[in-house]
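Let me begin by presenting the structure, written as structure tokens, before commenting on it.
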Amino acid sequence: MLLRPSLYAGIQKELVTFKVAIDEELSLSRDELKELLAYPDENLVDIIREVGFQCDLCARCCTREFNDHVFLLEEDVESIRQIDPEMIEPAPYYELCDQHGNFYVSGYALKTKEDGSCIFLENKRCTIYDKRSFICRLYPYMLHLEADEEGNVEWRQISGLNLHGSYHADIDDEQCTKIAADIKNYERLFLEQKIAFFEKTKQYFRDKKLRHVQGVYDREMRNYKKGGEITVFVYSRGNFREHRLK
Ligand code: SF4
């Protein structure tokens, strides 16, 4: 299921070739946060009412094929760890790689099974339903800010329009208002986590005399895809946790 919009599906399926400037990422994320907080709640409520999404329990949201990965906010990580600490892994599409080949990423994701379904999905049902992560509770109502062909930035649905569920159902005002508040809250927490990650890496890179090197990133990622090992530092509660992955 669920990825967080800007990290989601299809963005960086193979090698990541973008150039990373930490200051630029920080500035973009801070601007995005400002835009989010300034966005009128009533407009978002109207969009949710108009989309009128209704879940039909198909469980496609909970598969990698449909949604790539489930990104976890820091609070989610704590609660999933209490259920089973082995069920999380560094989120894919690491943001940075230093000159020594170490990757850095802003958080964790849920593991998936070999068939691509979420590790907690059984017979099309979530086995941790009452304790599922924030994005799992919100999705597929999740909207995110995105520009159209003409550059108009607006909230759009991320969950695969017309690929699952049904649309134009009547959702009452109270529910629309709650969904809108949850979306903004999720987005805010996500962006704050991203900003905190980039602030931490900026300071960490400066102190340790590190720099992001795209060529090293690509080389290490190629090696990893061929079965090699990599080291990934995952941002967690103001620090990095080191993981060796194969
Ligand atoms: S935790 Fe539950 S709701 Fe979330 S992706 Fe997994 S099975 Fe689906």
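None of the figures in this text is laboratory data; all of them are computed from the coordinates on show. Remember, it's a predicted structure, so these values are computed and weren't measured experimentally. In this analysis, Cβ positions are derived from the backbone assuming ideal geometry, glycine residues included, and neighbour counts consider all displayed protein chains.
With contacts taken as Cα pairs under 8 Å and at least 6 residues apart, the chain reaches a relative contact order of 30 percent. Longest stretch of the chain clear of exposed loop sites (chymotrypsin sites (Phe, Trp or Tyr not before Pro), DSSP loop, at most 13 other Cβ atoms within 10 Å, sites excluded): 19-166.
Of 197, 53, 168, which is farthest along the charge dipole of the chain in the positive direction, counting Lys and Arg as +1 and Asp and Glu as -1 at C-beta? Ranked along the dipole, the leading option is 197. Looking only at GluC sites (Glu not before Pro) in DSSP loops with at most 11 other Cβ atoms within 10 Å, what is the longest site-free stretch of the chain? The longest such stretch corresponds to 15-113. Cα gyration tensor of the range 159-246, axes a ≥ b ≥ c as square roots of the eigenvalues: rounded (a/c below 1.5), prolate (a/b > b/c) or oblate? Oblate is the answer for the range 159-246, as a/c is 1.5 or above yet b/c matches or exceeds a/b. For the range 19-173, what does the alpha-carbon gyration tensor say about shape, rounded, prolate or oblate, given a ≥ b ≥ c as the root eigenvalues, a/c under 1.5 as rounded, and a/b over b/c as prolate? Verdict is oblate for the range 19-173. Compared with the dominant Cα axis of the chain, that is its longest principal axis, helix 41-51 is turned about 70°.
Computed from Cα positions, the angle between helix 74-83 and the longest principal axis of the chain comes to roughly 90 degrees. Simple point charges give the picture: +1 on the Cβ of Lys and Arg, -1 on the Cβ of Asp and Glu, and for the range 82-191 a dipole about the Cα centre of about 420 debye. Positive-end ranking of 121, 238, 213 along the dipole of the chain, with charges on Cβ about the Cα centre, is headed by 213. Cysteines in the chain that lack a partner Cβ within the 4.7 Å cut-off: 55, 58, 61, 97, 126, 136, 176. Compare the Cα positions of 38, 73, 151 along the charge dipole of the range 19-245 (+1 at Cβ of Lys, Arg; -1 at Cβ of Asp, Glu; about the Cα centre) and return the one farthest towards the positive end. Farthest towards the positive pole: 73. Counting other Cβ atoms within 10 Å as a rough exposure proxy, the listed residues 97, 126, 136 run 126, 136, 97 from fewest neighbours to most. Against the chain, whose longest principal axis comes from its Cα atoms, helix 214-225 is set at around 80 degrees. Rounded to the nearest 20 debye, the dipole magnitude of the chain is 1400 debye, with +1 charges on Lys and Arg beta carbons, -1 on Asp and Glu beta carbons, and the Cα centre as origin. Of all DSSP beta bridges confined to the chain, the antiparallel ones make up roughly 85%.
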